[in-house]
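A short worksheet on the structure shown next.
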Amino acid sequence: MGNDDKIKALVHLLEDPDLRVYDSVARNLIELGPDIIPELEAAWEQSPEPLKQQRIENLIQEIQSITVRDGLSAWIKNDKSLLEGAFLVAKYQYPELNFMDLDKKIANISKDAWLELNKNLTALENIRVINYVFYKNLKFTGNVTNFYAPQNNFVNMVLETKKGNPLSLGILYTAIARRLGLPVYGISLPKNFILAYIDPYTAESTVEFSEDHVLFYINPFRKGAVLNKADIENFLRTQKTEIRKSYFVPNKNSEIIRNLITNIILSFEKLGYKDKVSRYQVLLDLFEI
């Protein structure tokens, strides 16, 4: 039996009422990975059986989920681009999301800013250009009226609605800045997220940054407002939080994405979506392996 015939035979058995048969068939189909999804979608369209359709839907979701989990696991080990990590987190909720489409939108925003930049601008002037394009022209803003909504954490939804929370806006802001060659990195604070603009000469030669390498800080939730160390200290005092050195230096990308997933879990918990909490907990657990 050829591979195509084997797949068709397995798909046909999805309507078998015996759960033992279904479990065996499902395992075999899942092992085939995302390449089997078009075949499953075609079978769903051709089947009049509700049971078979439901089982196919479940299988497709499981295959897509496994693919994202494997992708995120590999991403954690390599600590790749922040945007790629945020994309994988969003794809877990929106399986049809395509990275090239997402990246193209970031590229278009970056191009608008690039047209206004030149080598003679200071670091502060560079940030003013990004702020003008991102907040004034394109109208990105913090979602203050629905701050804890889950969609605020998904970069594709933030690009669509132009509303987000400090973390998602910061991730997009960082992606734009880095595409423009500007040394902007994220810092997670208690109940907030800010950005650090690193001295460009340091950024070229240093892997791990210290507080001395930071020229200034940026608040992505407040239209890119520029901050200094004292501003951050004052914020931490209002939060009655211990002032730690880690709050003044960039985080690893993996730490930022872990916090993003934690935000999503908290948002779904507030809404009582236990199944979605459980699904994203699986992603969070990947960071502990």
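The values are calculated or read from the model by the stated rules, or taken from the named source; none is laboratory data. Everything numeric here is computed off the predicted structure, so don't read it as measured data. Neighbour counts are summed over all protein chains in view; Cβ atoms, including those assigned to glycine, are modelled from backbone coordinates with ideal geometry.
Taken as a whole, the structure leaves Trp44 outside the set of residues that are within 28 Å of Leu286 (Cβ to Cβ) and surrounded by 16 or more Cβ atoms within 10 Å (Cβ to Cβ). Being in a loop (DSSP other than H, G, I, E, B) and without any contact (Cβ under 8 Å) to a residue 60 or more places away in the chain is a description that applies to Asn118.
Among the residues of region 56-73, are any of a type in the set (Lys, Arg), over 19 Å from Lys276 (Cα atoms) and either surrounded by 13 or more Cβ atoms within 10 Å (Cβ to Cβ) or out of contact with any helix residue (DSSP H, G or I) (no Cβ under 8 Å at 6 or more places or on another chain) (or both)? Break it down into steps so the answer makes sense when it comes.
Residues of region 56-73 of a type in the set (Lys, Arg): 69.
Within this subset, residues satisfying the condition of being over 19 Å from Lys276 (Cα atoms) are none.
No: region 56-73 contains no residue that is of a type in the set (Lys, Arg), over 19 Å from Lys276 (Cα atoms) and either surrounded by 13 or more Cβ atoms within 10 Å (Cβ to Cβ) or out of contact with any helix residue (DSSP H, G or I) (no Cβ under 8 Å at 6 or more places or on another chain) (or both).
Filtered by the rule that a residue be of a type in the set (S, T, N, Q) and more than 18 Å from Thr67 (Cα to Cα), region 258-288 gives Asn259, Thr262, Asn263, Ser267.
Scanning region 73-109 for residues that are polar (S, T, N, Q) and either closer than 20 Å to Pro34 by Cβ or touching a strand residue (DSSP E or B) at 6+ places or on another chain (Cβ under 8 Å) (or both) yields a count of 3. Set side by side, the residues Asp199, Asp231 differ, and just one is surrounded by fewer than 19 Cβ atoms within 10 Å (Cβ to Cβ), modelled with pLDDT under 95 and not aliphatic (A, V, I, L, M), which is Asp199. Scanning region 255-267 for any residue that is surrounded by 17 or more Cβ atoms within 10 Å (Cβ to Cβ) and more than 23 Å from Trp75 (Cα to Cα) turns up at least one such residue.
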